[in-house]
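Colleague: If you scroll down you'll find the structure; I have some questions about it.
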Amino acid sequence: MKTFRMIGTALMAVTLAFGMSACNDDVDFDPYADEPAAIEGRKDIMDGKLLFRLDANNLDQYHIPVSTLRNLDFEYQSDYYEFKQEVVNGTRYIIPVAKAVQPDYAHIVKLKASLKDEPERTRVVFLVFYKDDVNTRSQSGLDSEYSSVLGKGTNSFGKLGNTTQSVLLYDAIKHLPETHVTINPAYHEKFISLNCQDKEETFKNWTGELGLDLQKKFKKKFQTLDLVTLRPKWVETEEIKSKLNVSVDLGVDVSIKEAVDYEFSLNIAKAHCSEISMDMERYEWGGNNAKVDTLLFSLVNPDFVDQLEVDSTQFDPVKFMDRWGTDVITRGAFGASWVYIYGRKQNIYETTQNYDAHVAVSVTHPQNVEIKNMAQIFAMKMAGMDGTQVDAKYSYMNENYQETTKSLTAKLTYGGHLGKSEWSEFTNGIEQNSALWTLMSYKLSSDTETEAEKDEGHKIYPIEDLAFNLLDMLIIRHSKKEASGDQLKLLKNYIANVNAISEAKPDYIEKNSIPVEKRSDMFLVDVMMKAGKNGKKEGDPKPFCAKDYRGEWRMYYPMMANAYSPVKEDIYYALETSQYEYNVGIDRSDHYWYYALASERDCNYGLLDVDFVHEKDIPTGYFKRGECARTDIGLSVAKHYVVVKPLDEGDKDADALRKKRLTAFAIRDKDTEKIIASTGGSELRANAYQSEIDTFNNFWKVDADKTLEKDSIKLHNSKDNYFYKGGGIHYHQLQPVISNKKLRINRSTQESVWHPKRWGE
């Protein structure tokens with residue numbers, strides 16, 4: 001005789017019989033009456049089993065062993081099956097026998113087994129009889145390789161489509177009627193291009209597009225059993241939110257995962273071919289469901305149930321999720337897709353991430369048609385096409401720009417024609433060829449915004465919710481008498497174990513997710529005056545890439561003349577200080593002021609001081625930056641330079657000094673005592689509100705006795721600190737002001753810093 005074996009679990013149109021009638025084997029004599037009620041070391045007479053699956057076409061394979069030698073009394077109701085028992089080689093077996101042909105795919109029998117005069121030993125089990133040769137569907141789509149992920153467990157923090165074991169058996173899902181599963185074949189293409197301020201936003205947008213939400217609220221769904229009504233009783237507990245500093249591993253390479261102070265361009269191209277969705281609400285007790293659809297019994301893997309009913313003192317929810325996953329795949333959009341991610345180091349760029357991604361890809365359509373859609377650009381990049389299509393406005397984006405931005409890229413391909421890099425070739429004939437399809441998303445085109453908000457965008461089915469649904473079915477299909485003794489212990493273990501999963505899941509996800517570290521603050525890393533072409537040439541001044549005093553590539557941006565500028569026509573344009581209002585005399589070039597910022601992780605050094613000093617008086621430890629004040633405005637003007645004092649990393653107090661690095665530099669008009677220009681993150685934006693003006697003035701409020709050590713701000717107030725000296729009249733003398741106050745920006749969005757307009761704009 002073969003012992004009962006648990007094979008797959010499948011299901012469909014089901015004939016369910018839960019009413020009870022007596023169908024006892026008439027046994028007048030029990031030769032094992034003196035044996036123990038249950039075999040020593042076993043849980044109960046059914047050895048703790050709650051669910052069995054049996055192939056109705058091969059019943060002779062199934063002899064279900066029980067953990068007692070005594071005769072069992074059976075109660076069940078079924079038009080198609082009956083149950084016998086016999087003892088073979090010291091083991092009692094329950095033997096299912098067909099008495100009529102089962103017409104449907106699945107038939108569920110509730111079997112009550114009891115011992116005479118031992119009511120506490122009574123056990124109830126559910127047996128699912130299935131027939132794979134019964135066709136219950138008129139639709140296609142569930143017999144294809146691409147849809148075989150349905151029912152699989154998955155880890156929501158892992159790569160899209162990662163699977164564990166089958167929680168719901170695919171062979172059973174294939175037999176579900178159209179009322180239980182929806183298939184929607186509909187071809188369309190979708191292109192998404194998003195600017196993301198950091199890695200967290202990138203993964204949030206990406207996972208949102210995939211139908212994942214790891215920043216959702218998890219309800220601790222603690223449940224008890226009301227012994228009076230024998231109904232599940234929910235215990236209200238606090239909601240806990242998964243940590244905001246987690247993101248998923250979607251198959252990106254390590255460079256993306258480790259990128260902290262980066263912003264990204266996220267670009268996704270999809271060839272959407274079909275959708276499949278299981279109706280899981282019909283298995284949920286409560287709400288609008290007056291009656292739970294017990295068809296779930298025929299879908300679920302018995303091994304899954306077996307592991308939930310173990311002794312709760314021995315149950316490990318982490319090991320359980322390691323095996324089964326955090327969720328179950330019950331829906332999906334299928335087809336083929338590309339993902340292209342461009343990242344650049346935190347800074348105060350003029351351009352969007354998408355634009356820089358365009359430049360990084362650097363492609364031109366073969367017919368010289370301008371390409372703005374990043375999905376198309378990515379397609380051509382994969383085809384190996386190169387070009388130079390870059391807006392002249394940003395012509396500073398030369399070969400040094402990528403070095404300066406420390407850019408990185410990631411490309412992922414799902415489905416389609418392998419090895420094809422043209423989008424048209426990649427998707428050629430895909431609508432008619434399901435062999436090219438793969439899971440692209442758990443989110444469906446039919447999902448409305450309201451629905452997405454309701455369930456926080458999480459489209460895969462939580463493993464604990466499925467377990468609770470099964471628990472509800474198990475409990476509500478018992479009478480109070482049936483849920484006593486050994487049966488009650490089993491149900492209580494199940495409840496405790498599912499509660500443990502619910503409690504452990506948020507921490508489990510956090511532990512296995514990619515940490516998103518807090519972005520580092522930005523600070524000032526360089527300042528200089530640089531002469532440009534005279535006469536405010538249209539399109540000037542442009543940012544430029546250059547090496548700082550340490551030889552590191554930096555982006556240098558021009559400082560903007562704010563509303564306090566003495567040259568009214570220059571307001572909101574670049575500060576230009578060689579003209580009459582600042583220097584009466586020769587003017588053969590335009591003097592522009594530039595700065596560079598860096599993030600704390602990007603740069604281990606920085607500035608401790610910025611000053612205006614004659615070249616013969618430059619103190620030890622200072623470096624002159626840019627060109628001198630005399631450049632193209634007369635030989636009698638003193639050779640003053642912008643000088644910076646960098647942090648000496650070899651200094652014994654370097655760690656302490658690093659906390660005092662400068663964050664901002666400003667130029668003060670001695671005559672008006674107003675700050676007329678300042679570096680990014682500390683500037684007065686164009687058309688500022690009064691509250692913004694007040695904030696700016698408070699940030700840059702200086703007195704003669706203010707120091708960095710005491711007040712986080714300092715004015716170099718000596719006449720020797722004027723930038724322009726000698727050679728004639730100098731109106732509006734320029735004085736350096738420095739600060740190490742924390743900037744109001746901590747990320748590199750285009751809108752976070754107000755860049756000056758170009759001449760001609």
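Every number here is computed from the coordinates shown, using simple stated rules; none is lab data. Here the structure is a predicted model, which means the values were calculated and not measured. Note that we place each Cβ from the backbone using ideal geometry, even for glycine, and neighbour counts take in every protein chain shown.
Colleague: Residue by residue, what Karplus-based ³J(HN,Hα) values in Hz, rounded to whole numbers, does the range 569-575 have, using 6.51, -1.76 and 1.60 with θ = phi - 60° and x for Gly and Pro?
Modeller: For the range 569-575, the Karplus-derived couplings read 6, 8, 4, 6, 9, 5, 5 Hz, x marking Gly and Pro.
Colleague: So, one more: Which stretch or stretches of the range 538-580 have amide N atoms under 11 Å from the point lying 7 Å from Asn687's Cα along the Cα→Cβ direction?
Modeller: none
Colleague: Which value in nm describes the separation of the simple spin-label points at Asn433 and Gln307, placed 7 Å from the Cα toward the beta carbon?
Modeller: With each label placed 7 Å out from Cα toward Cβ, I get 3.8 nm.
Colleague: How high is the relative contact order of the range 522-752? Use alpha-carbon pairs under 8 Å, at least six apart in sequence, and give a whole percent.
Modeller: 24 percent
Colleague: I would also like to ask the following. Please list the non-local residues whose amide H lies under 5 Å from the amide H of Asp526, H modeled 1.01 Å from N, same-chain partners needing a gap of 5 or more.
Modeller: Hits under the 5 Å cutoff: Ala596.
Colleague: Using θ = phi - 60° and the Karplus curve 6.51 cos²θ - 1.76 cosθ + 1.60, what whole-Hz ³J(HN,Hα) does each residue of the range 678-688 get, with Gly and Pro shown as x?
Modeller: Along the range 678-688, the couplings run 8, 7, x, x, 10, 7, 9, 6, 5, 6, 5 Hz.
Colleague: Roughly how far apart, in whole Å, are the Cα centres of the range 122-188 and the range 41-73?
Modeller: 26 Å
Colleague: So what is the relative contact order of the range 564-641, in percent, for Cα pairs below 8 Å that sit 6 or more residues apart?
Modeller: 27 percent
Colleague: Packing-wise, with mean Cβ within 10 Å as the measure, how do 181-191, 658-668, 72-82 rank, highest first?
Modeller: 658-668, 72-82, 181-191
Colleague: Now, a different point. Go ahead and run the numbers for FRET between Glu615 and Lys411, Cβ-Cβ distance against an R0 of 60 Å, rounding to 0.05.
Modeller: E between Glu615 and Lys411, to the nearest 0.05, is 0.75.
Colleague: Once you put a point 7 Å from the Cα of Val318 and another 7 Å from the Cα of Glu761, both along the Cβ direction, what distance in nm separates them?
Modeller: It works out to 5.4 nm between the two label points.
Colleague: What is the set of long-range amide H partners of Phe544 at a cut-off below 5 Å, with H atoms built 1.01 Å from backbone N?
Modeller: Tyr556
Colleague: For the cross-link pairs Lys49/Lys319; Lys345/Lys537; Lys204/Lys742, which exceed 22 Å when the distance is taken from alpha carbon to alpha carbon?
Modeller: In this structure, Lys345/Lys537; Lys204/Lys742 exceed 22 Å between Cα atoms.
Colleague: Quick one: putting +1 on the C-beta of Lys and Arg, -1 on the C-beta of Asp and Glu, what dipole do you get for the range 14-130 around its Cα centre, in Debye to the nearest 20?
Modeller: Value, rounded to 20: 460 debye.
Colleague: Could you check the spin-label model distance between Lys481 and Asp55? Points 7 Å from the Cα along Cα→Cβ, value in nm.
Modeller: 3.8 nm
Colleague: If a/c stays under 1.5 just call it rounded; otherwise compare a/b with b/c (prolate if a/b is bigger, oblate if not). Do that for the range 522-752, with a ≥ b ≥ c from the square roots of the Cα gyration tensor eigenvalues.
Modeller: Taking the square roots of the gyration eigenvalues as a ≥ b ≥ c, the range 522-752 is rounded.
Colleague: Near the amide H of Thr122, under 5 Å away, which other amide H atoms are found, from residues 5 or more places off or on another chain, if H is placed in the peptide plane?
Modeller: Sorted by chain and number, the residues that satisfy this are Leu115, Asp486.
Colleague: In what order do Lys131, Lys406, Lys84 fall by count of nearby beta-carbon atoms within 10 Å, going from fewest to most?
Modeller: Least crowded to most crowded, the residues run Lys84, Lys406, Lys131.
Colleague: For the range 271-348, with only Lys/Arg (+1) and Asp/Glu (-1) charged at the beta-carbon, what is the dipole magnitude about the Cα centre, in debye rounded to 20?
Modeller: Rounded to the nearest 20 debye, it is 620 debye.
Colleague: Here's something else I'd like to know. Go ahead and run the numbers for FRET between Arg550 and Leu418, Cβ-Cβ distance against an R0 of 45 Å, rounding to 0.05. Mind dumping the intermediate values first?
Modeller: Details: r = 46 Å, r/R0 = 1.02.
Efficiency for this residue pair is about 0.45.
Colleague: Enumerate the calculated ³J(HN,Hα) couplings along the range 652-661 in order (Karplus 6.51 cos²θ - 1.76 cosθ + 1.60, θ = phi - 60°), each rounded to whole Hz, writing x wherever the residue is Gly or Pro.
Modeller: So the Karplus estimates, Gly and Pro as x, are 5, 9, 4, 5, 5, 5, 4, 6, 10, 4 Hz.
Colleague: Check each of the GluC sites (Glu not before Pro) in the range 488-595 and keep only those in coil by DSSP with at most 15 other C-beta atoms within 10 angstrom; list them in order.
Modeller: Qualifying residues, ordered by number: Glu517, Glu538.
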